[in-house]
Amino acid sequence: MSSRCLLRLIFDPELPSGSTRVQWYCPQLSPEVQRGESDIASLPAFLGAQRCVLLLPAERCTRLSVELPARSVRQFEQALPFAVEELLAQDIETLKLAHGPRGADGRWPVTALDARMLRAVLAALAEAGIEPEWTQSEQDAVPVDPSGWTVLIDGARALVSTGAHEGFACAVDELPQWLAQTSSTRTATPNVYLVRSASRPDTSSALSPDLLQGAQVREIDDALRFMAGHLGLGGVRVQRRVNEAGLRVALRPWRMAAALAVVLLGVQMAATVTQTWQAQREASRLAAESERLFREALPDVQRIVNLRAQMQQRLARAGASLDGDGFTALLADVAPRLAQSRSLSVQRLSYRAGRLEIALKGARYADMEALLVSLRELPGLQVELSGSAGEGGEAEGRLAIRSAQAGVRPPARPTAAMTGGRTG
């Protein structure tokens with residue numbers, strides 16, 4: 001039997017933290033105060049400075065058995081959150097994970113605790129001057145029968161152990177249904193421990209006769225005293241240093257690296273989305289600008305279906321060449337380079353006798369020279385630049401562009417004289 005004082009948090013489904021009341025059993029104290037129940041703030045008056053173990057309600061703990069090919073405890077602890085995340089109904093960030101030693105079958109017993117409940121209870125105990133040496137699920141204090149089940153009936157609740165780190169908690173009147181649902185896994189008649197005392201109502205009448213028939217029923221007068229005799233025999237212990245070090249656990253090196261990778265990935269994705277949005281916005285702006293210029297040049301066109309084809313048809317009628325030497329071909333070659341020069345704006349655009357002239361304005365004349373170099377890289381073009389510094393420090397320039405191919409047939413008259421907006 002453990003020499004430590006055993007505290008058991010009373011389960012209350014109406015309270016988010018389970019309860020603010022606890023039961024205690026301290027074998028070191030005199031018989032009249034050895035067993036009792038009170039709120040947490042009143043515990044020091046009864047217990048003094050006793051070493052304590054805290055049992056948490058089974059309903060607030062999820063017990064799992066996990067198999068991971070980890071070669072060390074450190075590797076297992078690093079992989080554990082990812083291994084159990086899909087098995088738990090709660091968000092993994094709201095839970096505290098604790099585990100016991102690996103069993104002979106290679107599986108690790110794991111307990112997932114409600115972190116909010118755990119912090120609230122430990123804070124209340126600390127305020128009362130009580131620091132438990134460890135905490136664990138009350139279900140881990142129910143003995144395991146290798147050949148069958150163990151059922152502890154304490155008042156209106158039943159704690160059922162179906163194997164090593166396996167079992168459930170339920171209301172006594174729901175126990176027959178639970179047993180019926182899992183009857184295929186039963187290998188023997190369960191051992192039933194029934195708490196009978198003046199402070200505990202007799203709930204055995206809620207059990208079906210089939211359950212008690214042939215079962216080994218043992219009556220006990222105190223559930224906590226019974227549980228104290230099985231502490232340290234198995235289960236998962238949650239050391240206090242783990243409970244209070246949630247932030248340090250979250251900042252383990254592997255989690256910091258993972259968090260940094262997620263942040264960098266998020267930044268990269270945000271930049272990609274921003275660039276894509278900007279490119280789409282620029283493409284839409286250029287398309288709208290092209291349509292505006294088209295309508296200014298050809299105001300009689302009521303409907304635009306294919307801007308390039310319709311422009312070529314009009315130029316063909318006007319005598320412009322459609323074999324790549326005319327206005328459309330020159331504009332198609334030059335437009336992408338203009339679009340890349342975001343610091344320049346187009347002031348005027350004209351085409352006459354096979355010569356395309358573009359009046360530009362910008363903050364720096366060097367940007368116009370850079371555009372000149374870019375255009376001269378295009379094969380088959382002759383490009384000249386003239387310009388000067390304008391008022392307010394802005395530069396103005398004029399690009400003269402014509403095809404270098406021979407046999408250019410100039411149009412009979414100017415085909416376009418347009419004013420426009422920014423290229424970027």
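A few comments on the model shown:
- With neighbours defined as other Cβ atoms within 10 Å of a residue's Cβ, the residues Glu377, Glu59 order from fewest to most as Glu377, Glu59.
- Rounded to 0.05, the FRET efficiency of the Arg21 and Ser65 pair, given R0 = 25 Å and the Cβ-Cβ distance, is 0.20.
- Gain upon complete extension [Glu289, Arg102; 0.36 nm per residue less C-alpha separation]: 60.3 nm
- Long-range HN-HN contacts of Gly167 with modeled amide H, under 5 Å: Thr162
- Theoretical gain in end-to-end length, Gln28 to Glu377 [0.36 nm per residue, Cα-Cα removed]: 116.2 nm
- For region 1-156, a simple Cβ point-charge model (Lys and Arg +1, Asp and Glu -1, everything else neutral) yields a dipole of about 460 debye relative to the Cα centre.
- Using the Cβ-Cβ distance between Cys170 and Val263 with R0 set to 45 Å, the FRET efficiency from 1/(1 + (r/R0)^6) comes to roughly 0.55.
- Likely footprinting exposure, Thr272, Thr111, Thr135, fewest C-beta neighbours within 10 Å first: Thr272, Thr111, Thr135
- Likely footprinting exposure, Phe226, Phe327, Phe82, fewest C-beta neighbours within 10 Å first: Phe82, Phe226, Phe327
- Computed E for Gln278/Ala335 - FRET, C-beta separation, R0 25 angstrom, nearest 0.05: 0.85
- Computed from backbone phi, the HN-Hα couplings of region 333-347 come to 6, 7, 4, x, 5, 4, 5, 6, 8, 5, 8, 10, 10, 7, 9 Hz, rounded to whole numbers (Karplus: 6.51 cos²θ - 1.76 cosθ + 1.60, θ = phi - 60°; Gly and Pro given as x).
- Amide H within-cut-off set for Leu68, under 5 Å, with H built and near neighbours excluded: Trp108
- Simple spin-label estimate for Glu85 and Arg398 in nanometres, 7 Å along Cα-Cβ: 6.5
- Long-range HN-HN contacts of Asn191 with modeled amide H, under 5 Å: Trp149, Thr150, Val151
- Of the trypsin sites (Lys or Arg not before Pro) found in region 102-192, those in coil by DSSP whose Cβ has at most 16 other Cβ atoms within 10 Å are Arg102, Arg107, Arg186.
Each reported figure results from applying straightforward, stated rules to the coordinates on display, with no laboratory input. Quantities reported herein were computed from a predicted structural model and do not represent experimental measurements. Here the Cβ is made from the backbone with ideal geometry for all residues, glycine too, and neighbour counts use every protein chain on show.
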